[in-house]
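Structure first, commentary second.
The values are calculated or read from the model by the stated rules, or taken from the named source; none is laboratory data. As the structure is a prediction and not an experimental result, all values here were calculated from the model. So basically every Cβ, Gly included, is an ideal-geometry build from the backbone, and we count neighbours across all protein chains shown. Only protein heavy atoms, including side chains, enter the accessible area calculation; ligands, DNA and RNA are left aside. Shrake-Rupley method; radii C 1.70, N 1.55, O 1.52, S 1.80 Å.
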Amino acid sequence: MPSSVERACDLEVDFGSEANASVAYATLAVDKELQPDKVKRLMTVSDGKLSVHFEAIEARFLRASFSAFVDVLTLAVKTIEEFGQGMEL
């Protein structure tokens, strides 16, 4: 990725437990960026929270990556809400 990152943003989601945050992380980690030369995504889990840092060379790449990520994150959250109670990890 070029050294001149023009745009960046952070997202933090509190899952309320390390287990649920780890499930979300594992689910989302398999989806790699489609244009890794233009967008970089770093995810971490700590204290039951999933933190995501995005960097992109242009705002449009950041918007597209963030939007696609939030779509998949929403599905993961809904699945955890539906099946997470008593779910064996």
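Hey, what did region 5-60 get for relative contact order, percent, Cα under 8 Å, at least 6 apart? Walk me through the numbers on the way to the answer.
Numbers: 96 pairs, mean separation 29.3, N = 56.
Computed value for region 5-60: 52 percent relative contact order.
Separation between the GLU12 and LYS78 pseudo-spin-labels, each 7 Å from Cα along Cα→Cβ, expressed in nm?
2.7 nm
How much accessible area per residue does the chain have, counting only protein heavy atoms and a probe of 1.4 Å, in square angstrom?
The answer is 66 Å² per residue.
For the chain, with equal point scatterers placed on the C-alpha atoms only and solvent neglected, what are the log10 I(q)/I(0) values from the Debye formula at q = 0.17 1/Å, to two decimals?
-0.70
Can you check what the net charge comes to around ALA59, using other residues whose Cβ is under 14 Å from the Cβ of ALA59 (Lys, Arg +1; Asp, Glu -1)?
After counting each charged neighbour, the total is +1.
Please compute the net charge surrounding THR44, taking Lys and Arg as +1 and Asp and Glu as -1 over other residues with Cβ under 15 Å from its Cβ.
-3
Taking amide H positions as placed 1.01 Å from N in the peptide plane, with prolines and chain starts having none, which residues 5 or more places from LYS49, or on another chain, fall under 5 Å of its amide H?
Residues meeting the amide H criterion: PHE15.
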